[in-house]
Every structure is written in C-alpha cells, then in structure tokens.
C-alpha cells in the first residue's frame, strides 16, 4: 500500500506528490497551518485524500493546542476548521471531512468531555475517516471490477489512485479490483496537463504494481479511441452533484464526450463522500482557478511568452448524460441519478 | 512579416522554432542534408513551411553540386529529393513541393539546359513556391475573414501561423484577415502537447502582432466552450483527403467534436497544396509517430517514470462531417467535400 498520508507522533506525514515520479520525498507537517499549506500547494491532492488530510490536520492542530478550557479550545477548533476549508474550493470531501470533525467535536463537548479527551476523540475520528476511505476504495474496486471487460484496455484521466486517497484509489481502485479479479488489464494514462498527475502519479503507482501502463498526452485520447485501443474509461471525481453532473480534473469532459462518440462506457468512481446532494447540478459547483505559472512553466522551462495571458481552471464538469454509471462503495448507481443517488444515501442512513 | 525561412547566398536560414518563445535563434543550413535534418527535428514545422523548406533544400543542395554533366547532376537531384521525402510522412505539402521541383527539373533537362541553368531554374522555382505560399495565406485570410463573427472569440490548436508557412499563416491567416477587416478578435491558443506549438509559437506570433491571446492547456477547450467563451474554431491541416477528412496536429479531433457539441463552427484553413485527392479518406493518411521523449520530458524536467511506455502519434484525423468548411486560397469549400474539393482543383487547372 502506498503511503499517501500517515499520522505520526508529532506530525502528519505525506509523500510530496509534486516531486514524483523523480524523487520520493516525504513532507512532515507539524502544525495545522502546514497541513493546510500542503493541501493548497498540492503536496497532497485528490478529493478523498484532501478530506483525509484536512481531518488529520484538524486533529494535529488541536493536539498541539495549549488551551486548557473547552471554550478557548472550541474557538481554536473552529478557526482550524476554517483554515482547512479555505484551502481548495471544489473537492467536496474536504468540507465533508471538516463537518464530520465538527460533529465529533460537538458530541464530545456536549458530553462534557475534557480538552484532553476531545483531543483523543479527534485523533480517533481522523483515523476512522482515513480507514473508511481505504475500505471504500476497496469496495469501489470490487464493484467496479464487475463492469470492467475481460480483456480491458482502460483509459483514465488525472490520478484517482492510491495517491488521491488514503490508499488503493477510486478509478485506480477499479483497475486494481479488475486485476485482482484475474482480468487482463492494460491502462492508458492521460498525462493530464497542467499538473501532469497522469504522467507523474498514475504511471508511477501503476508501474509499481506491475500493471501494464502507457502514457499519452491528453490530445491523444481521441486517436486512441479511434483506433479501437480503449474499451473502458474510468475516472475519479472531485464533486458529484445531485443530478450526477461530475466535477473532475480539467479535460475529463472531453474524454467523456469522446467515449460517447466511440460507444465506450465512461464510468466515474468515487466514494459517497464525493457526492453532494446539496448541489443540484454541475453549474453550481465552484471551480477553482489556479495560477498561470502552472501552465506557462514546467520545472525550469518556460513554455509561453513572457506576459502571456493564461486561463487555468482546475476542473470541468461532465454532464450526467455522458456517464454510464457512478461506482461507489455501495454499488454502481445509474441514471436517472437524481433518484439513484438519493437512494444511495437513504440506504446508508 | 515573420522570417520563418529565407534563402541567403550560401544557406537556407530558419528561425529555430524549438527555441521559441524564450530565444530567437536562427539556424543556417548550408547543405540539403542540414535542411532535411532541420525538418526532421522540427527546427521548422507546419505543413506549408515544410514544403517550402524542402524546395529550398533541394535548390540549395543542387546549387552546391560539383557535377558538371547533367546525368550525374540528375542522379544527385533525385537523391536529394529522396532525402527530403524521408523527413516526415504526414504533411502532403512536402511531397507536393518535391514533385513540383521534379517537374521543373524535367522541363529544364528536356529543354537541354545546362547544369548552371537548371540550378537557376530550381532556385527560381523554390522562390515561386515560397512566394505563392505567402500569397495563398493572404487569400485564405481574406476568404476566412468573411465567416469570422464580428465579435470573434477564436479557438485554435497547434500553430498554423506565419511560423507554419512562408508567412502570414493559414488558421492564423484567418485571424489576421479578420483583424485587418476591422473585426474584434480574441484568440484562445491550445498549448498543444507534446511539442507545445500553441503556447510557444501561436502565442508568440500573435502577441507580436498585438492580437489578444490567451493560452490554455488542451484540456481546457471543453470548459471554455461550455462557458460560451468561443464562437469560432479554426485550425490548419497537414493533409486533407479527397472526402474532406483532415489530418492535423494530434488533439484536433477532440476540439472538432467539442465544437460540434457546442454548436460552434469548426473550420480548416489550408492551401490547395495540403489537399491530396490521391488519398480517398482519412484512414489512408500515414500518421507519424514520434519519440517517447517528446512526451516524457519538457526541457530538463522528467514528467513520467523511468521506463514508462509512451504512445506519441503526431497527428489525428478529423472526420469531414465535423468540418463546417475548408478555407483555401480559392474560397471556402463545403460538404459534400468529395465534389467540392475536386471542383477546387478543376477550377485551378
């Protein structure tokens, strides 16, 4: 299992995903602010992993608190939650994890527990979020494996792998599930500009698992499908609206459209924590725009002229009508999503 | 006018398009072999520019010939033509230019001209190819300007600009034509991985002309269209088959599909020299595959893990049904292309 993120005695430790695949470096965050910065600067990324990191960041921040009275401690807790919420706007898992930590805090506080007891509760809750995420990924993998063709040539976009979660992955969980089910699996990884999560992260973690992987630029997905080289597409998600519209890494929408044109099933794999019934449709999902330099520079190399204007949205929205199914830890949900996704949560409660 | 390529006394001189936009360096090719290498390594690229470069390369190579008898000179000539033909397989302008030089050679030789006279003829012919290319681009620009919306927000892919031709450009010729016609024009340039002709070349030459330009990664075209920010798409071409299927830089196909989905007209701009009536449809166009390193590395930065498998086709084929019109120096041709393109040539003959 890849060590995406772990809680150690005095720190939250993450593999630095900006340095992969060339360097395997770990970042030790010793404060909540350091965890927040790590999320913002994409040391760690991927919707489920961001949620887990925020939970650990809150637990760590409160563990470090010098407050002795619960009132001061509570004020610090909510400030820490705000710090985490301000890191990235699109992945709903982040807000879900923060809310869950708030509920745990409220339960402990109303039960009259001491500051030290609450600190323990928060650590236990973060660990639960972490462990449940891995368990969800494994369940997603098992459900997803059922719809993967026997001789699978799978295209994926970005990295929805072990590195995007607490472990195992969502879209790559489906890949791993299919491999574990004994299917023949070859993966094509869109490099995924501008941050190159596909070339850098997906290829890296699949090659570590000895899964047949070919890197292409994002521009090549259409030609690949045109040549019959893909028979299944699976991607992760950053936020799924109540009607099934799915925000995921920029470029996902074009992949979905190409898949429809070529009659290739396009699946989204995500835990229920990525589904946001409070967002009616994709038009309401906030889309983060990131710095121009992510586009104009790669490493030390300048790609665009000095002063070039850049537009750099980090996500796009794939309309639900292009999605064959949403693979979750509770099974695969299909259109009409407004009904099936609501039922998914009802079954859970 | 940008100095894409020029014949000087003892050399063919080209701006090194691999170094743009950071450095403005010129490469002096003193032999035909050096010109061939410059085409192969993409010092110069773009279908029309490749044709012009090959013509100049042949003229230069034969100018350097030490042969005194026409027979030895003819043998060298055909060897030089082969050298040029072996550089890149997809752009048909290359083969067209070589054929034209062969016809000129044959005319001079059968007229009993001397080696020195033939050398002059070849230089004059190359200059004619060069000048006609610029004239074609200007005519393409004027025809294209008529179909550009008054308040144009134009998406283009790769670089079909002054740098891809002897000057002025095909797709960017249409942009320039629209600007000259007094239209409001803003351009979005797909960066165009892996070689980044959009970020590096299109942005550079449009910014030099003070044309409003925004760089996006290829992944962002769908989101851009979804937000209503594009109302016209124009791209160049490397080879247009008799039925209108168009080979152009990898990724063009997805742009065309996205444009159709959003009801945005998608035009191809190219001189008749890019149209190949001898190729029935897109499936017969040879598609060049280039080295993995173009994908795995940018400058000194490694993007994919050591040993990662890569697929790197340089072009894809956009089916004719996605193309609103083909803008040429003889006007705009529309479906059914099998008929209209044939007529374009008949009118020319």
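Set the Förster distance to 56 Å, then compute FRET efficiency between residue A:86 and residue B:111 from the Cβ-Cβ distance, nearest 0.05.
On the way: r = 80 Å, r/R0 = 1.42.
The pair residue A:86/residue B:111 has a calculated efficiency of 0.10.
If eta is 0.692 mPa s and T is 37 °C, what Stokes-Einstein diffusion coefficient results for the range A:5-138, Kirkwood Rh from Cα pairs, in µm²/s? Don't skip to the end; give the middle numbers.
Numbers: Rh = 14.7 Å.
In µm²/s, the coefficient rounds to 223.
Quick check: the angle from helix B:47-63's long axis to the longest principal axis of chain B, C-alpha only, nearest 10 degrees?
10
Over what distance in Å are the Cα centres of the range A:165-187 and the range B:237-258 separated?
34
Summarise the partner chain shielding of A:197-205 as one whole number: the mean count of Cβ atoms from other chains within 10 Å of each residue's Cβ. Kindly include the intermediate steps, with their values, before the conclusion.
Details: counts 0, 2, 8, 5, 1, 1, 8, 4, 1.
Other-chain Cβ atoms within 10 Å of each residue's Cβ, averaged: 3.
Could you sort A:31-37, B:164-170 so that the peptide with the highest average Cβ count within 10 Å comes first and the rest follow in order? Mind showing how you got there, number by number?
Working: A:31-37: 20.6, B:164-170: 29.4.
Peptide ranking by packing, descending: B:164-170, A:31-37.
What are the radius of gyration and Dmax of chain A, computed over its Cα atoms and given in Å?
19.9, 66
Using alpha carbons only, how many angstrom separate the centre of the range A:291-349 from the centre of the range A:188-208?
The range A:291-349 and the range A:188-208 have Cα centres separated by 16 Å.
How much length, in nm to one decimal, is gained on full extension between residue B:340 and residue B:281, taken as 0.36 nm per residue of separation minus their Cα-Cα distance?
Values: separation 59, 0.36 × 59 = 21.24 nm, distance 1.46 nm.
Length gained between residue B:340 and residue B:281: 19.8 nm.
Neighbouring Cβ atoms within 10 Å as the yardstick, rank B:262, B:157 fewest first.
Details: B:262 18, B:157 30.
Ordered from fewest to most neighbouring Cβ atoms within 10 Å, B:262, B:157 come out as B:262, B:157.
Working from Cα positions, state the angle (0 to 90°, nearest 10) between the long axis of helix B:252-261 and the longest principal axis of chain B.
Result, in degrees: 30.
Output needed: percent of Cα pairs per 20 Å distance bin for the protein assembly as shown, bins running from 0 to the one holding the longest distance.
18, 45, 26, 9, 1, 0
Going 7 Å from the Cα of residue B:64 in the Cα-to-Cβ direction, what parts of the range B:14-39 have a backbone nitrogen less than 11 Å from that spot?
B:29-37
Please compute the average number of Cβ atoms from other chains found within 10 Å of each residue's Cβ in peptide B:249-257. Mind showing how you got there, number by number?
Values: counts 1, 8, 8, 3, 9, 13, 3, 1, 6.
Mean partner shielding for this stretch: 6.
Can you give the helix-only mean residue ellipticity at 222 nm for chain A, where every DSSP H stretch with n ≥ 4 adds -39500 (n - 2.57) and the sum goes over all residues, rounded to the nearest 500 deg cm²/dmol?
On the way: 11 runs with 142 residues, N = 349.
Dividing the helical sum by the residues of chain A leaves -13000 deg cm²/dmol.
Please order A:136, A:340 by the number of other Cβ within 10 Å, starting at the fewest. Can you show the working numbers first?
Details: A:136 24, A:340 16.
Ascending number of Cβ neighbours within 10 Å: A:340, A:136.
Where the Cα atoms of the range A:141-348 are projected onto their three principal axes, how long is each span, largest first, in whole Å?
54, 39, 34
If each label sits 7 angstrom from Cα along the C-beta direction, how far apart, in nm, is residue B:68 from its counterparts in the other copies?
For residue B:68, the inter-copy label distances come out at 10.9 nm.
Inside 10 Å of the C-beta atoms of A:218-231, what's the mean count of C-beta atoms belonging to other chains?
Working: counts 10, 19, 14, 6, 11, 12, 3, 2, 6, 4, 0, 1, 0, 0.
Neighbouring Cβ atoms belonging to other protein chains average 6 per residue here.
For the Cα atoms of chain B, what angle does the longest principal axis make with the long axis of helix B:337-348, in degrees from 0 to 90, nearest 10?
On a 0 to 90 degree scale, this one is about 40.
Which of these, A:212, A:238, A:123, has the largest mean-square fluctuation under a Gaussian network model of chain A (Cα springs below 10 Å)?
A:212
Rounded to whole Å, give me the distance from the Cα center of the range B:73-138 to that of the range A:120-164.
Result: 60 Å between the Cα centres.
Every number here is computed from the coordinates shown, using simple stated rules; none is lab data. Keep in mind it's a predicted model, so treat the numbers as computed, not measured. Cβ: placed from backbone, ideal geometry, glycine included. Neighbour counts: every protein chain shown.
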